[in-house]
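Before any comments, here is the structure.
The values are calculated or read from the model by the stated rules, or taken from the named source; none is laboratory data. In this text the structure is predicted, and so the values were computed from the model without any measurement. In this analysis, Cβ positions are derived from the backbone assuming ideal geometry, glycine residues included, and neighbour counts consider all displayed protein chains. Side chains are part of the model used for accessible areas, which takes the heavy atoms of the whole protein and leaves out ligands, DNA and RNA. Shrake-Rupley method; radii C 1.70, N 1.55, O 1.52, S 1.80 Å.
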Amino acid sequence: IYGYDLCDIDIRIAEILLNHIKETNYNNRSITYKELSYALDGEVHEEQLGRYLGNLFSIYIEIGLPCISAIVVNSYTGYPGDVFFKAFYRHIKRDKWDEKYIQCLNDIEQCKIYDKWRELAILLNIEY
C-alpha cells in the first residue's frame, strides 16, 4: 500500500482499532492486547502484537494522525507496553511519558470528532 510493507494482519489490526474507536466512547476507548489477539482469532499472540502495531506507525505520521496504537493497553497497568513508549516517545524523558500519552489519547478523540480516521481507512482500503 503506497510504499508501505504491510501484511494482512497489519491491515486487520488497523480495521479492528478503527472500528473500536468508532463504536466506543472516550471513557471506554482502550482495548487490551489480549482482546486484540482474540479479535484476530488468536492468529497473533498478545505478546507479539507490538511488532504489528509498530508497522502502522509511519502511516499515522505521514497523514498527520496520532498513534492509534495508544489505545492498546496492558490489562494490568491500563497503559501500552514499554515498547510503545520507547518506540514512539524515545526522544522524551520517561517522567514525561504520562503527559504525552494523555495528549495522544486526546488527539485520538479529536480525530474521531472530526472524522479524520476516515483518511486512514481510505488509505488502507478498510470499510469504516
Query raised in the report: Which number in (1) under 13 Å from the mean Cα position of the chain (by Cα); (2) part of a loop (DSSP other than H, G, I, E, B) marks the one condition that E127 misses?
Result: (1)
Query raised in the report: Is segment 30-37 home to any residue that is within 20 Å of C111 (Cα to Cα) and in contact (Cβ under 8 Å) with a residue 24 or more places away in the chain?
Result: yes
Query raised in the report: Taking segment 32-58 on its own, how many of its residues are over 15 Å from R12 (Cα atoms) and open to solvent by less than 40 Å² (accessible area, probe 1.4 Å)?
Result: 1
**Report entry** Of residues in segment 72-83 being of a type outside the set (A, V, I, L, M) and under 22 Å from Y26 (Cα atoms), the one surrounded by the fewest Cβ atoms within 10 Å (Cβ to Cβ)
**Finding:** Y76
Report task. Would you mind listing the helices (runs of 4 or more DSSP H) fully within segment 1-103 where at least 1 residues are on the phi < 0 side of the Ramachandran plot and touching a strand residue (DSSP E or B) at 6+ places or on another chain (Cβ under 9 Å)? Result -> 8-23, 33-39, 49-55, 82-88
Report summary line: In segment 84-128, anything aliphatic (A, V, I, L, M), at pLDDT below 85 and open to solvent by less than 90 Å² (accessible area, probe 1.4 Å) is listed as A87, I92
Requested in this report: Run down D98, D107 and say which single residue is within 19 Å of N27 (Cβ to Cβ), touching a Cys at 6+ places or on another chain (Cβ under 9 Å) and not hydrophobic (A, V, I, L, M, F, W, C).
Outcome: D107
Query - Test set (1) at pLDDT below 90; (2) open to solvent by 40 Å² or more (accessible area, probe 1.4 Å) - S69 fails condition number - result: (2)
Report task. Could you pull out the residue among D107, D115, D95 that is over 16 Å from I21 (Cα atoms) and out of contact with any Leu (no Cβ under 7 Å at 6 or more places or on another chain)? Result -> D95
**Report entry** Selection count where residues are in contact with a helix residue (DSSP H, G or I) (Cβ under 7 Å, 6 or more places away or on another chain) and modelled with pLDDT under 90, scope segment 31-51
**Finding:** 1
Report summary line: Within segment 67-87, the residues that are of a type in the set (S, T, N, Q) and under 20 Å from D107 (Cβ atoms) are S69
Report task. Could you please tell me which pairs satisfy a Cβ distance under 7 Å, a separation of 6+ or placement on different chains, a first residue in segment 99-111 that is among the charged types (D, E, K, R), and a second residue that is part of a helix (DSSP H, G or I)? Result -> E109/Y26
Query raised in the report: Scanning segment 10-54 for residues that are of a type in the set (F, W, Y) and under 15 Å from the mean Cα position of the chain (by Cα), which turns out nearest to C67 (Cα to Cα)?
Result: Y52
